[in-house]
Amino acid sequence: MLAKTVYTWRFVTSAPPREVFATMEQLIGTRPYRFEVVGENEARIVEHRRRGLFGQWGRPRVALRWVACRAVTDAVGTRVEVEASSGGGLIAKAMGRADRGPVTRALQLVKLLSAVAREPRSVNRQRVIPPGPVSLVASWAGVPYRLFSEPRYDAARGADVLTASELEAVPGGDSTFVRVRLKDGTEGYVERDQIVAAPDVATRAAQAETARFV
């Protein structure tokens, strides 16, 4: 039986849902907790080992401590909701053995993900791609990238583009996808983290301007 919900945090991050859950698993899904996928947009960590009165580790039976996370993409970014359980029941608290593990782990996740947009060293920082020439991030051995027909991951895929393909960012994207136009007029959508701004002229000034959006 799971412990009751005590804490809830809601915020928006620039990291896509897959990165939210990968971060969750690696950051807080460690012993004595176990990472579990609950649904398409939800995962949690659940206590599966607990230290007993004499310092021994055993499998807990009741009031399992946990942290749950839901992440859904919309126009403003990835909306994240994090919930954490209490750290123990009345008996544990009376004995001074209440565990702050759930809230501590939840806060680690909240602080990291909420700071992502402002962290210049993070690959998941908030990146603005201005209208104009863009370039596809280098792919493995010339493997093409197939444009999305709509700004969603389950959309049909269209034309193949390579790093050498001429692309232009045009209005119509969202927080996850950028709308682009090929040289022949074909349009589609590319994941925001798969392209960078590309200046028309290779000068130091142009490089500095491009660096603002990378």
Determine, yes or no, whether Val103 is modelled with pLDDT of 80 or more and surrounded by 14 or more Cβ atoms within 10 Å (Cβ to Cβ).
yes
Considering residues that are surrounded by 15 or more Cβ atoms within 10 Å (Cβ to Cβ), at pLDDT 50 or above and over 23 Å from Thr78 (Cβ atoms), the number found within the stretch 185-212 is 3
For the stretch 55-76, enumerate the residues that are more than 18 Å from Leu107 (Cα to Cα), in a strand (DSSP E or B) and touching a Lys or Arg at 6+ places or on another chain (Cβ under 9 Å).
Trp57, Gly58, Leu64, Val72, Thr73
Inside the stretch 184-198, can you point out the residues that are assigned to a loop (DSSP other than H, G, I, E, B) and free of Cβ contacts under 8 Å to residues at least 60 places away in the same chain?
Asp184, Gly185, Thr186
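The values are calculated or read from the model by the stated rules, or taken from the named source; none is laboratory data. What you see is a predicted model, and the numbers here were worked out from it, not measured in a lab. Methodologically, a virtual Cβ is constructed for each residue, glycine included, from the backbone with ideal geometry; neighbour enumeration extends over all protein chains shown.
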